[in-house]
Amino acid sequence: MTRIGLLECDRVDDRHRAIAGDAVDMFRTLLAPHVPELELVPVDVIGGEPPPEPDACDAWVCPGSRHSVYDGFDWIARLSGFVRDVRDAGVPFAGICFGHQVLAHALGGRVAKAASGWGVGTLSVAVDRHEPWMDPPADRLALRFMHQDQVEVVPPGGVVLGSAEHCPVALLRVGESMVGVQPHPEFPAAYLDALLADRVARIGDGEVNAARASLSRPTDEVTVARWLARVLVPDGG
């Protein structure tokens, strides 16, 4: 089995779980076609479960959260320390949205609310730097976004791999085996649509209407899933 730890940083609301399950279900759907004999190992970090040793799993995924990396919660401080331990151990790591931001925050970068406001809906990402694990290659990706915070300063050793019009650091690599992805390749359109419907008061009618209309566009989450699999399981499992 290929053991990938999933660092749970939020819960899917009960009323939305019928759409695609919880985070572990969404990431299993995303990664299982590309990771041989995948075993996802959830770690309830938001619930206070301490992360194990970095080598307890073959790789780690840190998904999204409604919280901000600078909120000051103890679990975020513990998670940031774990990210540094993973770096020091050389274990592969992929951060998605909040996890992308934790990667930057924990290793010396800076995260803040975007001056441009929310990034929501299906948006275009330009691939600014191509790497061997980006197979199949792509120059541009259409992906689903849902965020207000974003990486403003990459950490030492960080390399920007992709950018969106509203988000200069949409794809990030730190070192050889840690990557961050600001959009949500794991979100099906129906789940993002439900989140947008819930957040009209926070985001605004016009932005939500445009974002919901964009969800009919084809997206490239399969390409990103293949890329993540090559980072997380560099020897193919």
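The values are calculated or read from the model by the stated rules, or taken from the named source; none is laboratory data. Being a predicted model, the structure only gives us computed values, none of them experimental. A quick note on method: Cβ atoms are made from the backbone with ideal geometry, for glycine too, and the neighbour counts reach across all protein chains shown. To get the accessible areas, we keep the full protein, side chains included, count just its heavy atoms, and leave off ligands, DNA and RNA. Shrake-Rupley method; radii C 1.70, N 1.55, O 1.52, S 1.80 Å.
On the given criteria, is R11 assigned to a helix (DSSP H, G or I) and open to solvent by 20 Å² or more (accessible area, probe 1.4 Å)?
It is false that R11 is assigned to a helix (DSSP H, G or I) and open to solvent by 20 Å² or more (accessible area, probe 1.4 Å).
Has region 179-188 got at least one residue that is of a type in the set (S, T, N, Q), closer than 21 Å to S68 by Cβ, modelled with pLDDT of 95 or more and within 16 Å of the chain's Cα centre (by Cα)? Walk me through it before giving the result.
Step one: list which residues in region 179-188 are of a type in the set (S, T, N, Q), which gives 182.
With closer than 21 Å to S68 by Cβ added as a condition, the list becomes 182.
Among the residues that remain, those that are also modelled with pLDDT of 95 or more are: 182.
Now drop any that are not within 16 Å of the chain's Cα centre (by Cα), which leaves 182.
Yes, region 179-188 contains at least one residue that is of a type in the set (S, T, N, Q), closer than 21 Å to S68 by Cβ, modelled with pLDDT of 95 or more and within 16 Å of the chain's Cα centre (by Cα).
Report the residue count in region 214-227 for those that are assigned to a helix (DSSP H, G or I) and in contact with a Gly (Cβ under 8 Å, 6 or more places away or on another chain).
1
I'm trying to understand the selection: among the residues of region 159-187, which are open to solvent by 20 Å² or more (accessible area, probe 1.4 Å), of a type outside the set (S, T, Y) and assigned to a strand (DSSP E or B)? Show your work before the answer.
Step one: list which residues in region 159-187 are open to solvent by 20 Å² or more (accessible area, probe 1.4 Å), which gives 159-160, 163, 165-166, 168, 173, 175-177, 187.
When the remaining residues are screened for being of a type outside the set (S, T, Y), the result is 159-160, 165-166, 168, 173, 175-176, 187.
The answer is V159, V160, P168, R173.
Are there any pairs, at least 6 apart or on different chains, whose C-beta atoms fall under 7 Å, with the first in region 1-30 and touching a residue at least 24 places away in the same chain (Cβ under 8 Å) and over 21 Å from P50 (Cβ atoms) and the second of a type in the set (A, V, I, L, M) and part of a loop (DSSP other than H, G, I, E, B), and if so, which?
These pairs meet every condition: T2/V35; T2/V233.
Yes or no, residue by residue, for (1) crowded, with 22+ Cβ neighbours inside 10 Å; (2) free of Cβ contacts under 8 Å to residues at least 40 places away in the same chain; (3) in contact with a Lys or Arg (Cβ under 6 Å, 6 or more places away or on another chain):
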site: S80; (1), (2), (3): no, yes, no
site: R84; (1), (2), (3): no, yes, no
site: V102; (1), (2), (3): yes, no, no
site: E152; (1), (2), (3): no, no, yes
